[in-house]
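Here is the structure we will look at, set down as C-alpha coordinates.
The values are calculated or read from the model by the stated rules, or taken from the named source; none is laboratory data. Keep in mind it's a predicted model, so treat the numbers as computed, not measured. Cβ placement follows ideal geometry from the backbone for every residue including glycine, while neighbour counts extend to all protein chains displayed.
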(Lines give C-alpha, C1' and ligand atoms only; values in the text may rest on other atoms or scores of the structure.)
Protein backbone atom coordinates (compact mmCIF):
# COMPACT_ATOMS: atom_id res chain seq x y z
CA UNK A 1 0.00 0.00 0.00
CA UNK A 2 2.86 2.37 0.80
CA UNK A 3 4.52 1.79 -2.55
CA UNK A 4 1.19 2.39 -4.27
CA UNK A 5 0.79 5.74 -2.48
CA UNK A 6 4.36 6.79 -3.31
CA UNK A 7 3.91 5.92 -6.98
CA UNK A 8 0.35 6.99 -7.70
CA UNK A 9 0.22 9.86 -5.25
CA UNK A 10 3.59 11.45 -5.85
CA UNK A 11 5.19 9.76 -8.87
CA UNK A 12 7.98 8.38 -6.67
CA UNK A 13 9.40 5.16 -8.14
CA UNK A 14 10.65 3.51 -4.97
CA UNK A 15 12.31 0.12 -5.31
CA UNK A 16 13.66 -0.69 -1.83
CA UNK A 17 11.18 -1.42 0.95
CA UNK A 18 12.93 0.81 3.51
CA UNK A 19 12.89 3.65 0.97
CA UNK A 20 9.09 3.47 0.82
CA UNK A 21 8.86 4.57 4.45
CA UNK A 22 11.31 7.41 3.85
CA UNK A 23 9.41 8.61 0.77
CA UNK A 24 6.10 8.55 2.65
CA UNK A 25 7.57 10.47 5.57
CA UNK A 26 9.06 13.11 3.25
CA UNK A 27 5.59 13.61 1.75
CA UNK A 28 3.96 13.80 5.23
CA UNK A 29 1.96 10.61 4.66
CA UNK A 30 3.39 9.03 7.81
CA UNK A 31 4.87 10.49 10.98
CA UNK A 32 8.45 10.18 12.19
CA UNK A 33 7.43 7.42 14.62
CA UNK A 34 5.62 5.58 11.81
CA UNK A 35 8.75 6.00 9.66
CA UNK A 36 10.79 4.24 12.33
CA UNK A 37 8.25 1.44 12.71
CA UNK A 38 7.72 0.97 8.97
CA UNK A 39 11.49 0.84 8.40
CA UNK A 40 11.77 -1.83 11.09
CA UNK A 41 8.98 -3.83 9.46
CA UNK A 42 10.67 -3.48 6.07
CA UNK A 43 13.93 -4.74 7.54
CA UNK A 44 12.17 -7.77 8.96
CA UNK A 45 10.45 -8.36 5.63
CA UNK A 46 13.86 -8.36 3.96
CA UNK A 47 15.15 -10.83 6.54
CA UNK A 48 12.19 -13.13 5.91
CA UNK A 49 12.70 -13.01 2.15
CA UNK A 50 16.48 -13.29 2.01
CA UNK A 51 17.36 -15.17 5.22
CA UNK A 52 14.19 -17.19 5.75
CA UNK A 53 16.24 -20.23 6.69
CA UNK A 54 17.49 -18.34 9.79
CA UNK A 55 13.97 -17.57 11.05
CA UNK A 56 12.64 -20.20 13.42
CA UNK A 57 8.98 -21.10 13.62
CA UNK A 58 9.01 -19.97 17.27
CA UNK A 59 10.34 -16.55 16.29
CA UNK A 60 7.80 -16.18 13.52
CA UNK A 61 4.97 -17.22 15.83
CA UNK A 62 6.13 -14.72 18.48
CA UNK A 63 6.20 -11.89 15.95
CA UNK A 64 2.76 -12.76 14.58
CA UNK A 65 1.25 -13.24 18.03
CA UNK A 66 2.80 -10.22 19.73
CA UNK A 67 3.43 -7.59 17.08
CA UNK A 68 0.45 -7.72 14.74
CA UNK A 69 -0.52 -4.32 16.12
CA UNK A 70 2.58 -2.83 14.47
CA UNK A 71 1.36 -3.88 11.03
CA UNK A 72 -2.16 -2.67 11.82
CA UNK A 73 -0.80 0.72 12.99
CA UNK A 74 0.98 1.33 9.69
CA UNK A 75 -1.94 0.04 7.62
CA UNK A 76 -4.31 2.33 9.52
CA UNK A 77 -2.03 5.35 9.02
CA UNK A 78 -1.92 4.69 5.28
CA UNK A 79 -5.69 4.14 5.07
CA UNK A 80 -6.30 7.34 7.04
CA UNK A 81 -4.12 9.30 4.62
CA UNK A 82 -5.89 7.78 1.60
CA UNK A 83 -9.31 8.72 2.98
CA UNK A 84 -8.16 12.30 3.62
CA UNK A 85 -6.41 12.70 0.25
CA UNK A 86 -8.33 10.86 -2.48
CA UNK A 87 -7.71 13.64 -4.98
CA UNK A 88 -3.94 13.19 -4.83
CA UNK A 89 -3.93 9.63 -6.17
CA UNK A 90 -3.39 9.50 -9.93
CA UNK A 91 -4.79 6.20 -11.17
CA UNK A 92 -3.41 6.81 -14.68
CA UNK A 93 0.19 6.25 -13.53
Legend entry - residue 72 out of contact with any helix residue (DSSP H, G or I) (no Cβ under 6 Å at 6 or more places or on another chain), within 15 Å of residue 1 (Cβ to Cβ) and not in a helix (DSSP H, G or I): no
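Okay, residues lined up against (1) surrounded by 12 or more Cβ atoms within 10 Å (Cβ to Cβ); (2) modelled with pLDDT under 90; (3) at positive phi; (4) more than 11 Å from the chain's Cα centre (by Cα):
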| position | (1), (2), (3), (4) |
| --- | --- |
| 9 | yes, no, no, yes |
| 12 | yes, no, no, yes |
| 19 | yes, no, no, no |
| 22 | yes, no, no, no |
| 34 | yes, no, no, no |
| 58 | no, no, no, yes |
Legend entry - Counted residues, the stretch 4-21 - those being in a helix (DSSP H, G or I) and closer than 12 Å to residue 89 by Cα: 7
